[in-house]
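I have placed the structure first, in the form of structure tokens, so that the comments after it can refer back to it.
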Amino acid sequence: MSISTKDIRNGFAKGFQLPTLLQRRTGPMTRELILHPGDHGLGMTHDSLAADTTTTATCGYCATGCGLRLHLKDGEAVGLTPETTYPVNLGMACPKGWEALRVLDSPERATQPLLRDDSGKRSPITWDDAFTTFCDGMKKVQAAHGPESIAFLSTGQIACEEMAFLGALARFGMGIRHCDGNTRQCMATAVTAYKESFGFDSPPYTYDDFEQSDCLVFIGANPCIGHPIMWERVLRNPNNPEIIVIDPRRTETAAAATQHLQLRPKNDLALLYAITNELITRDFVDHDFVQNHTQGFDELREHVAQYDLATVCEEAGLAVDDVSHAVEAIGRGRAVSLWWTMGVNQSYQGTRTAQAIINIALITGNIGRPGTGANSITGQCNAMGSRLWSNTTNLFGHHSFDNEADRHKVAEALNIPVEQIPTTTSWKYDRIIEGIRNGEIKGLWVVATNPAHSWIDQGDVRELFDQLDFLVAQDMYQTTETCSHADLILPSAGWGEKEGTFINSERRYGLLKKVRHAPGQALADFQIFRGIAHRWGLGDMFADWSSPEAVFEIMQRASRDQPSDITGIHGYEQIDRCGGIQWPWSEDHASGGFEPEQQRRLFADGQFFYDDKRARLIVDDVTPMPEPADGDYPVVLLTGRGTVSQWHTQTRTRQSPLLRSLYPNQPYVEMHPNDAEELGIEHGDLVRVRSRRGHADATACLTHSVQPGQAFMPMHYECTNRLTLSHFDPHSGQPSYKDCAVRIAPVLTSDHD
């Protein structure tokens with residue numbers, strides 16, 4: 001509060017003492033500073049930020065899908081708090097969610113279309129010119145190199161309705177055959193595993209299962225950091241559960257577990273087979289469930305019999321008694337849930353590892369009941385939406401391009417000629433990249449993702465991007481590594497500046513709401529796609545795609561009779577009122593006139609999505625690590641999430657001063673003290689980490705969280721993927737980010753090439 005000299009003189013004349021004036025308890029400025037615990041904003045905001053009203057929307061970072069209560073003043077969001085009644089987070093939020101509005105205010109926002117000239121300089125252009133440049137540029141590439149010479153790479157960060165529009169526009173209108181999303185980097189393994197085992201991409205669980213289990217097994221998952229609200233749900237579990245973590249690192253989750261099986265990298269598939277063998281040998285099998293609801297048990301039993309527990313433990317660096325204890329906990333558990341994420345998915349044998357987890361759940365009957373399941377934790381906020389609606393490797397609504405009945409169904413739902421729908425699927429992400437190398441792909445459209453940072457063997461992909469005839473980047477920030485290579489930048493709105501739906505890990509549709517105006521000339525991705533459709537000459541084809549909710553109705557028609565049927569949802573209003581709705585929710589579900597239950601699991605009836613209603617038990621040979629440590633590169637490098645305040649390529653999280661203060665801003669590498677001592681490295685030294693593909697300089701962090709002969713770097717730093725090896729799961733096409741061979745040396749003694 002500011003007090004003038006005149007105020008002080010008048011105060012003394014009236015007999016007031018100076019402290020009374022400095023601590024004045026009335027007046028407008030004083031009222032603004034008074035806190036009111038329990039009120040709006042937890043009582044920690046003053047009158048100038050008081051809300052006129054509030055509304056709830058789904059967070060746009062990870063696939064937990066938390067509900068955030070947005071505080072609106074004059075129609076604009078001025079703050080937020082976690083929504084206490086939302087069934088996902090129950091009043092909790094991680095630092096990223098708390099800062100979701102702050103990152104919208106960044107000076108790095110893309111606010112107008114930018115076009116690069118022949119000299120490399122970028123200049124602003126109008127949207128009219130941007131749409132013309134985009135369409136003319138892509139058509140020119142097609143004319144020179146064929147209709148299949150352009151591709152798009154999309155994301156798990158935009159709304160379902162935007163994904164649906166992009167996929168339909170590109171594949172049914174523009175003639176783009178090859179397209180994929182960055183969900184290939186995080187969830188393709190889980191998708192493939194579920195489809196092959198269950199007959200459909202169908203995570204069976206609900207978050208209530210975190211609280212209902214008496215034994216939880218986390219494989220290659222660190223929810224303390226990656227999905228902290230899910231971990232909070234674990235902490236609410238009243239059953240004093242056994243918590244088993246299988247991970248090469250002593251992660252934060254491993255440190256909090258009752259048992260940590262700290263195996264050597266990439267011994268997870270063999271270990272899971274050995275555990276399966278022990279479960280069968282000790283007769284911890286639900287024989288009725290196996291006989292009535294699965295196929296392939298005899299082959300499974302024969303295959304896993306090769307994996308003797310003692311031999312596998314010796315290879316994996318584990319004690320037999322420790323693994324035996326885990327087997328007993330799983331076998332005797334009343335309700336056992338098994339959870340995995342990127343430590344499994346991002347592996348050259350990830351699909352079979354995920355299916356080994358699924359096999360354990362199936363043979364022990366831990367499926368379809370509270371507290372059970374083989375449960376893949378999704379990464380991005382709408383990776384599940386990408387899986388269903390992006391129209392990339394699956395036909396719109398998770399149908400099949402090669403199925404004539406599916407093509408006719410989708411054509412009818414979209415009111416387009418069936419001839420517009422291709423009969424073949426797309427190349428996967430890695431094949432598209434190879435297509436650039438081979439000259440097959442000459443034009444690329446990158447939407448809301450940053451592969452120049454995130455793609456494996458980063459230096460290679462950056463060189464390939466520069467070989468393209470035409471590269472378009474559509475993003476909310478103009479400073480991403482991918483934008484630096486782009487010929488045309490299309491500025492897009494971000495979370496909170498547009499509307500639509502996201503689907504979270506537990507299959508819950510939640511609403512994204514517009515509570516801010518996008519800066520400058522930035523447009524919602526939905527409106528950008530509308531503009532491109534019109535300029536391409538497809539206005540009539542997409543005349544009904546007038547708004548996100550109009551597209552949601554189209555999606556509902558396409559979902560009919562699918563396992564993910566949403567025909568029973570009564571528009572955005574019902575999603576909002578119910579705190580999200582899990583699929584499936586069909587017209588048959590809704591015919592009783594009641595609201596959907598908040599927690600619904602799949603497979604309670606033991607019926608799976610194959611014609612015979614049986615799940616498949618799938619096994620395969622274990623394959624060796626493609627690039628093991630050797631004399632030249634003696635350390636196995638692991639990568640993964642760093643802190644709860646970082647996210648992916650840090651495109652957004654680095655825009656928040658608060659979030660930046662909560663994590664190391666410079667790259668670091670975790671090393672075991674024994675390795676550091678041999679190399680003459682001390683904690684805090686600058687070291688060079690070198691692989692066969694490149695090098696990265698990082699600060700040495702000496703810790704026992706990694707074992708000797710291993711190191712760990714967070715994936716969020718730009719330099720990390722200079723090191724990673726370009727190898728992929730043969731079934732899912734997902735990159736194996738978690739293992740490659742490196743050497744480490746103090747930076748002063750290393751070569752400087």
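The values are calculated or read from the model by the stated rules, or taken from the named source; none is laboratory data. Since we're looking at a predicted model, the values are computed, not measured. For neighbour counting, all protein chains shown are included, and Cβ atoms are generated from backbone atoms with ideal geometry for every residue, glycine included. Areas reflect the complete protein model, heavy atoms only, side chains present, ligands, DNA and RNA absent. Shrake-Rupley method; radii C 1.70, N 1.55, O 1.52, S 1.80 Å.
Test of understanding: among LEU748, LEU702, which residue is in contact with a helix residue (DSSP H, G or I) (Cβ under 8 Å, 6 or more places away or on another chain) and under 23 Å from GLY631 (Cα atoms)?
Only one candidate passes the filter, namely LEU702.
Considering only residues that are over 11 Å from THR253 (Cα atoms) and either buried (at least 22 other Cβ atoms within 10 Å of the Cβ) or of a type outside the set (D, E, K, R) (or both), which ones fall in segment 223-232?
Across segment 223-232, the qualifying residues are ILE229, MET230.
Within the bounds of segment 696-703, is there any residue that is assigned to a helix (DSSP H, G or I) and either open to solvent by 30 Å² or more (accessible area, probe 1.4 Å) or farther than 28 Å from HIS727 by Cα (or both)?
no
Looking at segment 580-618 only, could you name the residues that are of a type in the set (A, V, I, L, M, F, W, C), open to solvent by 60 Å² or more (accessible area, probe 1.4 Å) and modelled with pLDDT of 95 or more? I'd like the intermediate steps shown before the answer.
First pass over segment 580-618, keeping only residues of a type in the set (A, V, I, L, M, F, W, C): 581, 583, 585, 590, 594, 602-604, 608-609, 615, 617-618.
Of the ones still in play, those that are also open to solvent by 60 Å² or more (accessible area, probe 1.4 Å) are 594, 604, 609.
Correct list: ALA604, PHE609.
Would you be able to say whether some residue in segment 208-222 is under 21 Å from SER386 (Cα atoms), open to solvent by less than 10 Å² (accessible area, probe 1.4 Å) and charged (D, E, K, R)?
Initial filter on segment 208-222 (under 21 Å from SER386 (Cα atoms)): none.
No: zero hits.
List every residue pair whose Cβ atoms lie under 7 Å apart, where the two residues are 6 or more positions apart in sequence or sit on different chains, the first residue falls within segment 114-130 and is closer than 18 Å to TYR477 by Cβ, and the second residue, located anywhere, is of a type in the set (Asp, Glu) and crowded, with 17+ Cβ neighbours inside 10 Å.
ARG116/ASP487
Taking only pairs six or more apart or across chains, which ones have beta-carbon atoms under 9 Å, a first residue in segment 450-475 that is on the phi > 0 side of the Ramachandran plot, and a second residue that is part of a loop (DSSP other than H, G, I, E, B) and among the polar types (S, T, N, Q)?
Partner pairs satisfying both residue conditions: ASP457/THR724; ASP457/SER726.
Quick one: how many residues across segment 126-150 are among the hydroxyl-bearing types (Ser, Thr, Tyr), in contact with a helix residue (DSSP H, G or I) (Cβ under 9 Å, 6 or more places away or on another chain) and open to solvent by 20 Å² or more (accessible area, probe 1.4 Å)?
As a first pass, look at segment 126-150 and keep what is among the hydroxyl-bearing types (Ser, Thr, Tyr): 126, 132-133, 149.
Next, from what is left, pick out any that are in contact with a helix residue (DSSP H, G or I) (Cβ under 9 Å, 6 or more places away or on another chain): 132, 149.
From what's left, open to solvent by 20 Å² or more (accessible area, probe 1.4 Å): 132.
Matching residues across segment 126-150 total 1.
Name the one entry in VAL290, VAL312, VAL285 that is among the hydrophobic types (A, V, I, L, M, F, W, C), touching a residue at least 40 places away in the same chain (Cβ under 8 Å) and closer than 20 Å to VAL344 by Cα.
Answer to the check: VAL312.
I'd like to check something: does segment 711-732 contain any residue that is closer than 29 Å to ARG387 by Cα and of a type in the set (Gly, Ala, Ser)?
Among the residues of segment 711-732, at least one is closer than 29 Å to ARG387 by Cα and of a type in the set (Gly, Ala, Ser), which makes the answer yes.
Looking at ARG462, ARG516, ARG557, ARG535, can you tell me which residue is at pLDDT 95 or above, under 30 Å from ARG692 (Cα atoms), not hydrophobic (A, V, I, L, M, F, W, C) and not in a strand (DSSP E or B)?
Selected residue: ARG462, the only one of ARG462, ARG516, ARG557, ARG535 that is at pLDDT 95 or above, under 30 Å from ARG692 (Cα atoms), not hydrophobic (A, V, I, L, M, F, W, C) and not in a strand (DSSP E or B).
Go through (1) outside any loop (DSSP other than H, G, I, E, B); (2) open to solvent by less than 10 Å² (accessible area, probe 1.4 Å); (3) at pLDDT 95 or above one by one and return the number of the condition SER347 breaks.
(1)
So which residues in segment 427-448 are in contact (Cβ under 8 Å) with a residue 60 or more places away in the chain and open to solvent by less than 10 Å² (accessible area, probe 1.4 Å)?
Residues satisfying the conditions are TYR429, ILE432, GLY435, ILE441, GLY443, LEU444, TRP445, VAL446, VAL447.
Could you list, in sequence order, all residues of segment 664-689 that are more than 28 Å from the chain's Cα centre (by Cα) and assigned to a strand (DSSP E or B)?
Scanning segment 664-689 gives LEU686, VAL687, ARG688.
Any residue at all in segment 311-325 that is of a type outside the set (Phe, Trp, Tyr), crowded, with 16+ Cβ neighbours inside 10 Å and not in a helix (DSSP H, G or I)?
Yes, some residue in segment 311-325 is of a type outside the set (Phe, Trp, Tyr), crowded, with 16+ Cβ neighbours inside 10 Å and not in a helix (DSSP H, G or I).
Listed here are the residues, each with its yes/no results for (1) open to solvent by 20 Å² or more (accessible area, probe 1.4 Å); (2) at pLDDT below 95.
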site: MET1; (1), (2): yes, yes
site: ILE8; (1), (2): yes, yes
site: LEU21; (1), (2): no, yes
site: GLY27; (1), (2): yes, yes
site: GLU32; (1), (2): yes, yes
site: GLY38; (1), (2): yes, yes
site: THR45; (1), (2): yes, yes
site: GLU83; (1), (2): no, no
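Can ARG387 be described as among the basic types (Lys, Arg), under 30 Å from THR251 (Cβ atoms) and crowded, with 24+ Cβ neighbours inside 10 Å?
For ARG387, the condition - among the basic types (Lys, Arg), under 30 Å from THR251 (Cβ atoms) and crowded, with 24+ Cβ neighbours inside 10 Å - is met.
How many residues does segment 281-300 hold that are part of a helix (DSSP H, G or I) and either among the hydroxyl-bearing types (Ser, Thr, Tyr) or surrounded by fewer than 18 Cβ atoms within 10 Å (Cβ to Cβ) (or both)?
Number satisfying all stated conditions: 8.
With respect to the numbered conditions (1) part of a helix (DSSP H, G or I); (2) of a type in the set (Asp, Glu); (3) touching a residue at least 60 places away in the same chain (Cβ under 8 Å), which one is the sole condition not fulfilled by GLU278?
Among (1) part of a helix (DSSP H, G or I); (2) of a type in the set (Asp, Glu); (3) touching a residue at least 60 places away in the same chain (Cβ under 8 Å), the lone unmet condition for GLU278 is (3).
Looking at segment 728-737, is at least one residue open to solvent by 10 Å² or more (accessible area, probe 1.4 Å), out of contact with any Pro (no Cβ under 6 Å at 6 or more places or on another chain) and either closer than 28 Å to ARG660 by Cβ or part of a strand (DSSP E or B) (or both)? Spell out how you get there, then give the answer.
Step one: list which residues in segment 728-737 are open to solvent by 10 Å² or more (accessible area, probe 1.4 Å), which gives 728, 730-731, 737.
Cutting the leftovers down to out of contact with any Pro (no Cβ under 6 Å at 6 or more places or on another chain) gives us 730-731, 737.
Imposing the further condition that a residue be either closer than 28 Å to ARG660 by Cβ or part of a strand (DSSP E or B) (or both) reduces the set to 737.
So far as segment 728-737 goes, yes, one or more of its residues are open to solvent by 10 Å² or more (accessible area, probe 1.4 Å), out of contact with any Pro (no Cβ under 6 Å at 6 or more places or on another chain) and either closer than 28 Å to ARG660 by Cβ or part of a strand (DSSP E or B) (or both).
Identify the residue in segment 558-579 that is open to solvent by 10 Å² or more (accessible area, probe 1.4 Å) and of a type in the set (S, T, N, Q) and, among all such residues, is nearest to GLY397 (Cα to Cα).
GLN562
Does any residue of segment 351-359 turn out to be charged (D, E, K, R), open to solvent by 10 Å² or more (accessible area, probe 1.4 Å), under 22 Å from GLU278 (Cα atoms) and within 28 Å of the chain's Cα centre (by Cα)? Walk me through it before giving the result.
At the first step, the residues of segment 351-359 found to be charged (D, E, K, R) are 352.
Adding the requirement that they be open to solvent by 10 Å² or more (accessible area, probe 1.4 Å) leaves 352.
Within this subset, residues satisfying the condition of being under 22 Å from GLU278 (Cα atoms) are 352.
The next check asks that each one be within 28 Å of the chain's Cα centre (by Cα); those that pass are 352.
Scanning segment 351-359, I find at least one residue that is charged (D, E, K, R), open to solvent by 10 Å² or more (accessible area, probe 1.4 Å), under 22 Å from GLU278 (Cα atoms) and within 28 Å of the chain's Cα centre (by Cα), so the answer is yes.
Considering (1) open to solvent by less than 20 Å² (accessible area, probe 1.4 Å); (2) under 27 Å from the mean Cα position of the chain (by Cα); (3) within 26 Å of GLU161 (Cα to Cα), say which one ALA413 fails and leave the rest.
(2)
Restricting to segment 465-489, and then to whatever is open to solvent by less than 30 Å² (accessible area, probe 1.4 Å) and in a loop (DSSP other than H, G, I, E, B), can you tell me which residue is nearest to ILE158 (Cα to Cα)?
Of everything passing the filter in segment 465-489, MET476 is nearest to ILE158 (Cα to Cα).
Identify the single condition in (1) open to solvent by 20 Å² or more (accessible area, probe 1.4 Å); (2) modelled with pLDDT of 95 or more that TYR717 does not satisfy, given that it satisfies every other one.
The one condition TYR717 does not meet is (1).
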